[in-house]
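Single-structure report; data block below.
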Amino acid sequence: MTAGATQEATPGTTLSEVLAALDTVRDPEIDEPVTSLGFVSACTLADDGTARVRLRLPTYFCAPNFAFLMVADAYDAVVAVPGVRAAEVVLEDHFAAEAINGGVAARAGFADSFVGLAEGELDELRTGFVRKAVLAGTDRVCRPLIAEGRTPEELASLRLGDVPPTADRERLRARRAELGLPASDDAPLLVDPTTGEPVGTEALPKHLARSRLTRVNLEANGGICRGMLQHRYGTRGEGQRDDMDEMEEVR
Amino acid sequence: MYEKDGNKYFVVDSHMHYWDASPQNWVAGQEQYAKGWIECFHAYQGLGPPETHWSIEHFQKYSEDDLMKDVFEDGYVDVAVFQPTYLKEWYADGFNTTERNGALSEKHPGKFIVNTRWDPREGSKGLEELAANVERWGSIGVKLYTAEWRDGSRGWTLKDPEAYEYLQKCQELGIKNIHVHKGPTIWPLDKDAFDVSDVDHAATDFPELNFIVEHVGLPRIEDFCFMATQEPNVYAGLSVVIGGFMHARPKFFAKVMGELLFWVGEDKMTFGSDYGIWEPKWQVEGFVDWDYPSEEFSDYPRVNTDTKRKILGLNAAKLYGIEVPEECRLSGEGTPAAQDDAALVTEGATV
């Protein structure tokens with residue numbers, strides 16, 4: 001069904017579609033869906049087409065700018081689900097919850113929601129995080145290739161379409177596209193996350209070392225957040241998943 | 001001192017606290033922040049082994065006896081460095097002030113090093129207070145919170161001209177060690193509180209000072225590592241790294257340690273328990289037993305007894321001029337806290 005096809009009812013729209021929409025909302029810093037991180041404490045869809053989402057975070061003092069982004073993105077994602085007629089997205093147990101919830105409900109920007117307290121630097125921050133996600137994604141795609149014995153020269157000559165069509169590759173492609181970087185099958189596998197220029201053989205060891213470090217940082221932060229959230233609530237969120245990497249190989 | 005398998009480790013806890021976050025100390029009208037703050041700290045404790053968890057009441061205010069037992073008697077620590085955190089907007093007598101720490105230190109000579117703090121927004125009055133604290137408590141280190149909000153200001157950076165005045169004053173007063181909090185934030189921010197580029201500038205312009213980045217820039221370890229690799233006088237403060245990861249996320253711990261050893265190097269990493277968030281006992285025992293869990297980590301620098309000696313105590317002992325007993329010194333070659341041993345991997349990094 002298409003948006004606006006039916007206005008009085010929501011035939012066909014299911015809760016799972018709303019949850020799927022929330023799967024597209026990422027913690028900007030960790031580059032993981034709010035669902036898998038356990039941040040969605042409740043999600044309901046009423047008969048009248050109103051979706052109600054409650055979000056929670058690992059601490060009372062989690063950075064309010066990122067919290068704002070997640071609440072606003074969740075609102076946008078949920079309200080765009082065909083058949084959802086209204087959305088209420090509420091952040092709970094956070095020192096700035098009132099300002100954030102009010103700002104998002106009023107469709108005001110972050111700076112407007114924290115009058116006199118905040119400056120509009122969020123887009124820049126978000127772009128910086130996506131560049132890091134590109135580096136982390138590069139490590140995810142390249143590590144198996146290096147393990148197979150591919151040489152730096154080979155990696156530098158590969159195109160995105162040359163590597164196995166894994167979820168990691170598509171995630172990398174999506175982040176590159178988001179930044180306007182080359183993302184087609186013909187594009188080089190390794191590009192500078194700022195300029196989009198191909199990474200040459202000489203610069204490649206450092207590029208890969210940075211990529212690995214960036215991925216370690218992102219995943220370690222996700223690990224800390226999961227641990228804190230678990231301690232704070234002790235309950236599973238909607239669509240929550242464990243950090244499988246950690247679970248598989250250590251436990 | 002800790003001994004295992006015939007090896008002796010001199011332990012300097014370079015980042016710990018003695019706070020009072022009990023409800024009696026909450027500022028009226030600010031209770032939600034005072035409560036939220038200590039609950040947030042308490043949640044971090046949840047990342048340690050279950051048998052080391054405290055009730056929230058105990059966590060809000062532990063006693064002098066608790067501290068002496070947990071840190072020195074049970075925790076193997078030889079010398080502990082107090083790092084103050086004031087937070088007077090929320091806690092009437094402060095959360096963890098130089099005076100509170102200093103009073104305890106005076107009762108136990110030789111056990112503590114009392115660091116103080118400054119904030120460049122306090123102008124000439126702050127400079128006087130800094131000088132007075134150095135004279136009163138003999139401080140040779142400070143703890144700084146660049147992200148702290150104050151009277152409409154949303155934080156400051158070490159690059160600010162006012163901060164340079166304070167750094168110059170530190171040199172005049174004989175302060176050697178600048179611990180900069182670059183980690184989980186202390187107060188709402190719109191600016192990027194985790195930005196570490198200001199440390200880069202200050203470290204270049206004040207080569208005689210040591211800059212210890214506490215919590216290694218979490219959640220921006222990569223930015224910290226890129227910066228630290230270029231600055232010989234920048235160190236990695238491991239508070240939160242061992243406490244937050246070693247038990248709760250062992251694989252990530254191995255990776256984070258591997259990256260720090262690769263980019264920053266074992267001469268430039270210092271142990272801090274972050275007590276009372278985590279007790280030092282399990283951290284020291286676990287770290288001495290620690291090694292990479294599998295072959296998957298073979299790309300990272302190896303760790304041996306001397307690596308652990310440096311990280312647990314010898315590096316910080318060097319920074320603070322603490323005498324180390326003969327039997328706890330390095331068994332092999334090497335100099336703890338050696339600036340010129342920084343791994344300048346900007347050229348020819350390998351993976």
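Computed extension gain for B:Asp5 through B:Lys111, at 0.36 nm per residue and net of the alpha carbon distance, reaches 35.6 nm. For the protein assembly as shown, the antiparallel share of DSSP beta bridges with both residues in that region comes to about 35%. Report the calculated FRET efficiency for B:Glu89 and A:Leu158 (r = Cβ-Cβ distance, R0 = 60 Å), to the nearest 0.05. Efficiency, from the Cβ-Cβ distance: 0.65. Of the options A:Met70, A:Asn101, A:Ala20, report the single residue whose Cα projects farthest towards the positive end of the charge dipole of the range A:15-113 (beta-carbon charges: Lys, Arg +1; Asp, Glu -1). Of A:Met70, A:Asn101, A:Ala20, it is A:Asn101. Helix content alone sets the calculated 222 nm mean residue ellipticity of chain B: runs of n ≥ 4 DSSP H residues at -39500 (n - 2.57) each, divided across all residues, give -9500 deg cm²/dmol.
Placing one equal scatterer on every Cα of the range B:119-177 and applying the Debye formula, the log10 ratio I(q)/I(0) at q = 0.16 Å⁻¹ is -0.48. Charge dipole (Cα centre; +1 on Lys/Arg Cβ, -1 on Asp/Glu Cβ; no other charges) of the protein assembly as shown amounts to roughly 360 debye. Taking Cα centre as origin and charging only the Cβ of basic (Lys, Arg, +1) and acidic (Asp, Glu, -1) residues, the dipole magnitude of chain B rounds to 300 debye.
Kindly express, to the nearest 10 degrees and within the range 0 to 90, the angle between helix A:64-79's C-alpha long axis and the longest C-alpha principal axis of chain A. The angle comes out near 70 degrees.
So how much slack lies between B:Ala103 and B:Ser197, counting 0.36 nm per residue of separation and subtracting their Cα-Cα distance, in nm? Mind showing how you got there, number by number?
Working: separation 94, 0.36 × 94 = 33.84 nm, distance 3.54 nm.
Contour length minus Cα-Cα distance gives 30.3 nm.
Can you quote the Å³ per residue value for the convex hull of the Cα atoms in chain B, rounded to an integer? Present the calculation step by step, with values, prior to reporting the outcome.
Working: hull volume 47.5 nm³, N = 351.
Cα-based convex hull of chain B, divided per residue, equals 135 Å³.
Partners of B:Lys310 within straight-line reach, counting lysines whose Cα lies under 23 Å from its Cα and excluding those fewer than 8 residues away in the same chain: B:Lys4, B:Lys8, B:Lys111, B:Lys143, B:Lys176, B:Lys182, B:Lys251, B:Lys255, B:Lys268, B:Lys281, B:Lys318.
Please work out the FRET efficiency for the pair B:Ser124 and B:Gln339, using the Cβ-Cβ distance as r and a Förster radius of 35 Å; give the result to the nearest 0.05. Spell out each step's value before the answer.
Details: r = 33 Å, r/R0 = 0.93.
My answer for the efficiency is 0.60.
Taking the square roots of five times each eigenvalue of the Cα gyration tensor of the range A:15-113, the equivalent ellipsoid has semi-axes of 20, 15, 11 Å, listed largest first. Restricting the calculation to Cα atoms, chain A shows an Rg/Rh of 1.01 when the hydrodynamic-style radius is the Kirkwood one. Placing pseudo-labels 7 Å out from each Cα toward the beta carbon at A:Ala147 and B:Asp205 gives an inter-label distance of 4.7 nm. Take the Cα of A:Ala86, step 7 Å toward its Cβ, do the same at A:Ser184, and the gap between the two points is 4.6 nm.
Computed log10 I(q)/I(0) for the range B:179-310 at 0.15, 0.20, 0.21 Å⁻¹: -0.71, -1.21, -1.31, from the Debye equation with unit scatterers placed on every C-alpha and solvent omitted. Beta bridges per DSSP, both residues in the range B:2-341: antiparallel share near 20 percent.
Between 0 and 90 degrees, rounded to the nearest ten: what's the tilt of helix A:204-233 against the longest Cα principal axis of chain A? Computed tilt is about 30 degrees. With kT/(6 pi eta Rh) evaluated at 4 °C and eta = 1.567 mPa s, and Rh the Kirkwood radius from Cα pairs, the range A:122-222 diffuses with a coefficient of 96 µm²/s according to Stokes-Einstein.
Note the angle between two axes, namely the Cα long axis of helix A:167-178 and the longest principal axis of the Cα atoms of chain A, as a number of degrees from 0 to 90, rounded to the nearest 10. Once rounded, one gets 80 degrees. Taken along the Cα-to-beta-carbon direction at a fixed 7 Å, the label points for B:Ala132 and B:Ile56 span 3.7 nm. Couplings 3J(HN,Hα) for the range A:88-100, derived from phi with the Karplus relation 6.51 cos²θ - 1.76 cosθ + 1.60 (θ = phi - 60°), are 10, 10, 10, 8, 10, 6, 10, 4, 10, 4, 4, 5, 5 Hz, where x marks Gly and Pro.
So, R0 is 60 Å and r is the distance between the beta-carbons of B:Gln32 and A:Ala177; what FRET efficiency does that work out to, to 0.05? It would help to have the intermediate numbers written out before the result.
Values: r = 42 Å, r/R0 = 0.70.
Calculated value: 0.90.
Around the Cα centre of the range A:162-212, unit charges on the Cβ atoms of Lys, Arg, Asp and Glu (plus for the first two, minus for the last two) sum to a dipole of about 300 debye.
Equivalent-ellipsoid semi-axes for the range B:57-100 (Cα gyration tensor, √(5λ), whole Å, largest first): 23, 13, 7. Taking a quarter of the surface of the Cα convex hull of the protein assembly as shown gives a mean projected area of 28.0 nm².
Loop-located GluC sites (Glu not before Pro) in the range A:145-185 (DSSP state not H, G, I, E or B) with no more than 16 neighbouring Cβ atoms inside 10 Å: A:Glu148. Given the DSSP H assignment, sum -39500 (n - 2.57) over each helix run of at least 4 residues in chain A and divide by its residue total; what's the result at 222 nm in deg cm²/dmol, nearest 500? Calculated from helices alone, the mean residue ellipticity at 222 nm is -15000 deg cm²/dmol.
Computed from the coordinates by the stated procedures, all read-outs in this text should not be read as laboratory data. Model, not experiment: these values are computed from the prediction. As a convention, Cβ positions derive from the backbone with ideal geometry for all residues, glycine included, and neighbour counts pool all protein chains shown.
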